[in-house]
Structure formats: structure tokens, C-alpha cells
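Structure, as C-alpha cells:
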Amino acid sequence: MNIRDILDHLPHRYPFLLVDRVVSCEPGKSIHAYKNLTINEPFFVGHFPGVPVMPGVLILEALAQAAGILSFKTLGVKPDDKSLFYFVGIDNARFKKVVTPGDQLHLHVSILRQMRSIWKYGAEARVDGHVVAEAEMMCTKRDVV
């Protein structure tokens, strides 16, 4: 999926869109996407001056956005203004290496299970083949009020 397809499958927009390309997606199973990181990312200015590091919470957000694309593709729908996917839990989050400008952050997410409106994912972020972060995440689709 190119950026136009991604924009069709996520409600996020710059500067908070954290997926640049989807390499592969098997609806109902898994997705592999990536985010190219440049020194121009707005979060690098303050995190940390002189030693730019991608915040761990944004790595988790990038994984969640990849999970969102996987969920919409699995359901065969696109985002609308009537509902959103929200985080309801993050378990076993671990950060193993820092992510810096020039890195390509690969996002690997698989559906572990879906019960009613709760989705559980296994998620792993990698740079140069090395795991930089991992977590189990739960999301739910809710109507926007």
C-alpha cells in the first residue's frame, strides 16, 4: 500500500501519521509496514536536543496505526466520521534499542484474537532486523459521540 492507500485506511494525518508504506498485509492475520525517520520529525526537536531519539510511546503508536490498517482491511471497511479504534490496553511493552534519525522502523503486527469488539495484537518494531520494541496491544472500535 502506498501513502494514498494508507490515508484511506487511517484517520491520522501529519504530523501524527506514523506509517509510510505497507509492505504486506494479510487480512485477518498480519501486517508489515514501515516508517522512515528523518531529522525533520517534529518530536526529535525536543526529544532530546543534541541526541535525537524517537519516544517509545510513538513507537507504540506507530505499531497501533499498523494494527488499525490491519483491522480495517480485515473488516473490509475504511474509517469514517462515525467510529474510531481506541487503545484499551498495552501489555508487556519492552524497549530494547533506541530509534534515531535515518532509521527505517519496520512494524510487524499480528492479530492474536478478536472477541466481540476487542482486538488483541502481538506487535514488534525492528530496525535493521533487530527488535527495538515489542508489546501486546488491545484496541476496540467505538462510535464517535
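The values are calculated or read from the model by the stated rules, or taken from the named source; none is laboratory data. Keep in mind that this is a model prediction, so the values were computed, not measured. Cβ: placed from backbone, ideal geometry, glycine included. Neighbour counts: every protein chain shown.
Quick look at the values:
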read-out: Which numbered condition D91 misses (of (1) closer than 20 Å to P11 by Cβ; (2) among the acidic types (D, E); (3) in contact (Cβ under 8 Å) with a residue 40 or more places away in the chain); value: (1)
read-out: Matching residues in segment 17-47 - criterion: being of a type in the set (A, V, I, L, M, F, W, C) and under 24 Å from L112 (Cβ atoms); value: L18, V19, V22, V23, C25, I31, A33
read-out: Qualifying positions in segment 17-40 - in contact with a helix residue (DSSP H, G or I) (Cβ under 9 Å, 6 or more places away or on another chain), in a loop (DSSP other than H, G, I, E, B) and in contact (Cβ under 8 Å) with a residue 40 or more places away in the chain; value: L17, L18, V19, P27, G28, K29, L37, T38
read-out: In segment 119-132, the residues that are more than 25 Å from P79 (Cβ to Cβ) and buried (at least 17 other Cβ atoms within 10 Å of the Cβ); value: R126, V127, V132
read-out: Leading residue by the ranking (surrounded by the fewest Cβ atoms within 10 Å (Cβ to Cβ)) among those in segment 1-12 that are modelled with pLDDT of 95 or more and over 17 Å from L75 (Cβ atoms); value: R4
read-out: Hits in segment 125-136 - residues which are of a type outside the set (G, A, S), in a strand (DSSP E or B) and either in contact (Cβ under 8 Å) with a residue 24 or more places away in the chain or more than 16 Å from A64 (Cα to Cα) (or both); value: V127, H130, V131, V132, E134, E136
read-out: K120 more than 16 Å from the chain's Cα centre (by Cα) and either at positive phi or not small (G, A, S) (or both); value: no
read-out: Enumeration of residues in segment 50-99 that are touching a Leu at 6+ places or on another chain (Cβ under 9 Å), outside any helix (DSSP H, G or I) and of a type in the set (V, I, T); value: I90, V99
read-out: Members of segment 41-76 found to be hydrophobic (A, V, I, L, M, F, W, C) and without any contact (Cβ under 8 Å) to a residue 60 or more places away in the chain, listed by number; value: F43, F44, V45, F48, V51, V53, M54, V57, L58, A66, L70, L75
read-out: Residue match in segment 49-66 (condition: buried (at least 16 other Cβ atoms within 10 Å of the Cβ), in contact with a His (Cβ under 7 Å, 6 or more places away or on another chain) and modelled with pLDDT under 95); value: no
